[in-house]
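A.B. asks: Structure provided below as structure tokens; questions to follow.
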Amino acid sequence: MGQSPVGGRPRASKGPLFDPSFLQRLETLNLIARQLVRGRRSAARPSIKKGASIEFKDYREYSPGDDPRSVDWMAFARLGELYIKLFRQEEELDLWVLLDRSASMDFGDPSKFDHARRIAAALAYIGLGNMDSASILPFDTDLRTGLERMRGKGQVMRLMKFMEDMTIGAETGFEKTAQMFVSRVRRPGIVVIISDFYGLQKARAGLDRLRFAKHQVHVVQVVSPWERNPPLRGELRLHDAETGEETNLTITDSMLKRYKTAFQAFTTDLRKYAMRSSIGFDLTDTDVEFDEFVRHVLQHGRLLA
Amino acid sequence: MMLLAPMALWFLVIGGAVVALYLLKIKRRAATVPVLEFWLALAGKTRVHSLFDRLKRLLSMLLWLIIVICLVLAIGNPIFSLGRIKPRAIAVIIDNSASMQAVEPASESRTRFDLARQALREISGNRPVTDEWMLIEAGREPRVLQPWTFDTAAIRRAGDAVEPFSGAAKLHDAIELASQLIAGKQDPCIVIISDGAAGELAPLTAADDRLIHWPIGTTHDNAGIGQLAVRAHRQNGNYHALISVVNASDEPLETQVTLEIDGRTDSVELVSAEPGGTWEKSIVIDAPAGGVLRASLDRADALAVDNEAFAILEPIRPAVVWLVTPTDSAFFFEQALASMDPLVWAEESLTLTPEQYPAASAAAAAPDSSLKRPDLVIFNGWAPDALPAVGRFMVVNACPAELGSPAGEALASPQIHLAPRAHPLMQHVSLQGSRLAKAKRITLRQPGRVLAHSAEGDPLIALIEQPERQTLLLTFDVLDSDLPFRNAFPLLLRNTVSFMHEDAPSWLRPAYRLGETIRPSRALPAGTTEAKLTLLRGGTTQESSVPVVNGSFALTQTHHTGAVRLEIGDDAAFAAMNIGDAAESRIAPVNATEDHAAKLGLSRRLLGGMPWLMLAMFASLAVVLEWLTYHFRWTE
């Protein structure tokens, strides 16, 4: 489907979201991810917590209440002091994918929503194969029910079915979504938010909340060519896809020029905010294939780092 | 203001379309955007809600209406005048004479004729459509090129179709023709587009308020051959050419004129003339065989057509004279004729006795005879009773019965009295005091001209001219007088030979003016269907044929200087074609003393005579203004 007439709204294509080739492409991505994970996981993802594992980390003086099994009796024999042996604790690695299904995502060809679902499915698939658990949680005004803590590749068909059945929702309420997520998920994990991030100020508050909850946050901003260069000109009645609000506007060439500049600044501001806040950031256009984007994220991004 | 093309007003319906489009434009198209807030934050004050903003929209529509109106008026080709423009009947006379071919250096080397056609377009294009127009050509013969019409395009087309003409203009005839044709018309006027070289126009325009001279041209730089006339001197076997060169420029003329005969240079004459002056010279041309004489002026100037002229040199053939006389009285005439070389062709001339004459005459009339037919037969002391019906004769001391009859006793010692009117035969002949012993008293039976008579009025010398025959009658015996001892009689005899020896008159005149139609001066032989035509122009020749109908033809290819040769069988005739008017060489334009545009009603035109251009520019400005208001309104 091509671009809509001037002033119209680009509609999402109605083709199958996941076809057999999609799974093949996912498996290719999974192989890439596995290689990356093998090389990095043991050293690159140590827990700051000390726990029960075979890897020695440190000693500390014994305190009442400590497990007597952890006392180093050999040290006691040499030094006459009770010391507790500390071992590095191996932490479970959870992947949380928060997917924006607000109405503003229903733009472009393919639509930003379809593009985002494919990316989310790919990341979840990789998570199922390489991590302890993977979760998909859609959101719009708040956090919606999704698939939580899926383990193993046996969940793939369930994941696909869920993603296939996901529908467009209403307005975006990311701050509320983040608040709900933090209250529900206590253990830090990798949180990937896939959204267009309209209303950046509110989105920042939500991202900060996730960041403060010790989650490793990674944002994927989805934009469409339509948004970069909207074919709008003249006397228009603009309709807000999320709120339904309408307003009359005269869009001239000079205004379009300013729009393009402002849109560029919008994505740039989000990127700068992410860099300042140690949040991973990736920008994807809907005219870029999802697997190409995911491969780029795996190889160059910090998602698995 | 008047529109020269009022049909353009139909385009005003576009204005209605503009209003309709603006009304349609108010119905905004709907468009869905992901988030409206983003656009509102960006657009800021761009939303159209206020009355002020709506007025700005109205301004845009008004600007577009102004643009449409300006463009429609521009297409309509308006003219503005501070006064009221009334419809007029305008007869335009366009001068296409030779002087109008002068090249104007100040006008990108265009000819005056080109400028005249441009002036015609300008005049006809800047008058109201209610004017009635007519176009007259003033060159060759005044003629109406375009009858009265309201269609200015037809006038312009007719003007474009006029061909330049290398002859003299007939402006006065054209004005007279136009004056007749504008009679009864509403507010008529005659516009003469001319350099005025063909005649003084100022007095005419001053005398007649309807005449408007539209001057063309500025250059004076020209010198031309104003006249080239040739006369054959048979008695000397040569020609005298009179050539005059007109210097119409403001500078003294120092140049040379070259005379060529059949392409061979015969002589070169130095020419000098003061500004506005004329150089003239009579030149002897010794070329009895004749030919085409071309005179060319070695000077590059504004008008090239008058830098050459042509003349025809008819071959000079000596006369064959038969003297029919008794043997005892032949000596004096023989000696007199023998002294007339080269006028008399001695080798072919004969002296005959009266008895020999009939046989010789019959022999000469035979088709294959070696005897040449006599140009003049002199009968001395004897004459046949009946002269041949065709020929030229001199009868001395005799009188054929058909010409005169005896009227009594002979005149004794008559005194000679010359007729008061001079005749070529009597040129330089002084008979006063001559003594005649006696003379015949004769009464002429045919109308004749008495060149000398007795005191009683009896003819002594008489010329009887008939359609095919000329006879000079002398009623006295020359030998019985003292004339043999005087110069008078040999002079009379020489004049007679010269006068009587004329070739058969050509069926063409020796020279024609450019543009003049060449027709034969006498009927051509029956059964002739065409004449072979050879045009000599400069160094080139063109051959073709001219159809002959009912013994005549009309040759109109006379627009360029040169010579023409027409042949019908063995009979050939030459003629030269020249401008024939020294006034055409004086190309200095006549400056109009009046404001011709004002007189025609165009002087007070506003906006430089091109208001459509100003309107178009104003419309362009309005387009820019509208674009700016549209693209920068509400925000900047």
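A.B. asks: Quick one: how many residues across region B:441-455 are surrounded by fewer than 17 Cβ atoms within 10 Å (Cβ to Cβ) and farther than 15 Å from B:Gln415 by Cα?
C.D. replies: 5
A.B. asks: Just to be sure I understand, how many residues within region B:98-118 are of a type in the set (Lys, Arg) and within 22 Å of B:Leu171 (Cα to Cα)?
C.D. replies: Taking region B:98-118 as the starting set, the residues that turn out to be of a type in the set (Lys, Arg) are B:110, B:112, B:117.
Checking which are within 22 Å of B:Leu171 (Cα to Cα) leaves us with B:112, B:117.
Of the residues in region B:98-118, 2 are of a type in the set (Lys, Arg) and within 22 Å of B:Leu171 (Cα to Cα).
A.B. asks: State which residue is farthest from the chain's Cα centre (by Cα) when the search covers only region A:246-282 and only residues that are closer than 30 Å to A:Val192 by Cβ and at the interface with chain B (Cβ under 7 Å from one of its Cβ atoms).
C.D. replies: A:Tyr259
A.B. asks: Looking at region A:233-245 only, could you name the residues that are within 12 Å of A:Leu256 (Cβ to Cβ) and at the interface with chain B (Cβ under 9 Å from one of its Cβ atoms)?
C.D. replies: Within region A:233-245, A:Gly234, A:Leu236 qualify.
A.B. asks: Give the residue, chosen from A:Arg158, A:Arg117, that is surrounded by fewer than 22 Cβ atoms within 10 Å (Cβ to Cβ) and either within 15 Å of the chain's Cα centre (by Cα) or charged (D, E, K, R) (or both). Don't jump to the end; show me each part of the working.
C.D. replies: Values: A:Arg117 fails: surrounded by fewer than 22 Cβ atoms within 10 Å (Cβ to Cβ).
On inspection, the qualifying residue turns out to be A:Arg158.
A.B. asks: Counting residues that are hydroxyl-bearing (Ser, Thr, Tyr), which strands (runs of 3 or more DSSP E) fully inside region B:457-523 reach at least 1?
C.D. replies: So the answer is B:469-474, B:511-513.
A.B. asks: Another question, if that's okay. In region A:173-186, is there at least one residue being within 14 Å of another protein chain (Cβ to nearest Cβ) and touching a Phe, Trp or Tyr at 6+ places or on another chain (Cβ under 9 Å)?
C.D. replies: Scanning region A:173-186 turns up at least one residue that is within 14 Å of another protein chain (Cβ to nearest Cβ) and touching a Phe, Trp or Tyr at 6+ places or on another chain (Cβ under 9 Å).
A.B. asks: Does A:Arg204 satisfy the condition of being away from every other protein chain (no Cβ under 14 Å) and not in a loop (DSSP other than H, G, I, E, B)?
C.D. replies: Yes, satisfied.
A.B. asks: Name the single residue, out of those in region A:216-232 being of a type outside the set (Asp, Glu) and within 10 Å of chain B (Cβ to nearest Cβ), that is farthest from A:Arg118 (Cα to Cα).
C.D. replies: A:Leu232
A.B. asks: For region B:154-176, how many residues are over 19 Å from the mean Cα position of the chain (by Cα) and modelled with pLDDT under 85? Show your work before the answer.
C.D. replies: Let us first name the residues in region B:154-176 that are over 19 Å from the mean Cα position of the chain (by Cα), namely B:154-161.
Those left that are additionally modelled with pLDDT under 85: none.
Counting residues in region B:154-176 that are over 19 Å from the mean Cα position of the chain (by Cα) and modelled with pLDDT under 85 gives 0.
A.B. asks: Residues that are part of a helix (DSSP H, G or I), within 19 Å of B:Ile212 (Cβ to Cβ) and among the β-branched types (Val, Ile, Thr): does region B:144-151 have at least one?
C.D. replies: no
A.B. asks: Right, something else. Any residue at all in region B:220-234 that is more than 27 Å from B:Val103 (Cβ to Cβ) and part of a loop (DSSP other than H, G, I, E, B)?
C.D. replies: Yes, region B:220-234 contains at least one residue that is more than 27 Å from B:Val103 (Cβ to Cβ) and part of a loop (DSSP other than H, G, I, E, B).
A.B. asks: Considering B:Pro384, B:Pro367, B:Pro358, which residue is outside any loop (DSSP other than H, G, I, E, B) and either polar (S, T, N, Q) or out of contact with any Leu (no Cβ under 9 Å at 6 or more places or on another chain) (or both)?
C.D. replies: Exactly one of B:Pro384, B:Pro367, B:Pro358 is outside any loop (DSSP other than H, G, I, E, B) and either polar (S, T, N, Q) or out of contact with any Leu (no Cβ under 9 Å at 6 or more places or on another chain) (or both), namely B:Pro358.
A.B. asks: Restricting to region B:399-426, name every residue that is more than 51 Å from the chain's Cα centre (by Cα) and either surrounded by fewer than 20 Cβ atoms within 10 Å (Cβ to Cβ) or over 18 Å from B:Gly381 (Cα atoms) (or both).
C.D. replies: B:Ser405, B:Pro406, B:Ala407, B:Gly408, B:Glu409, B:Ala410, B:Ala412, B:Ser413, B:Pro414, B:Gln415
A.B. asks: Would you say A:Thr286 is in contact (Cβ under 8 Å) with a residue 40 or more places away in the chain, under 24 Å from B:Leu42 (Cβ atoms) and buried (at least 20 other Cβ atoms within 10 Å of the Cβ)?
C.D. replies: yes
The values are calculated or read from the model by the stated rules, or taken from the named source; none is laboratory data. If you're wondering where the values come from, they're calculated on a predicted model, not measured in any experiment. Please note: Cβ atoms are built from the backbone with ideal geometry, for glycine as well, and neighbour counts cover all protein chains shown.
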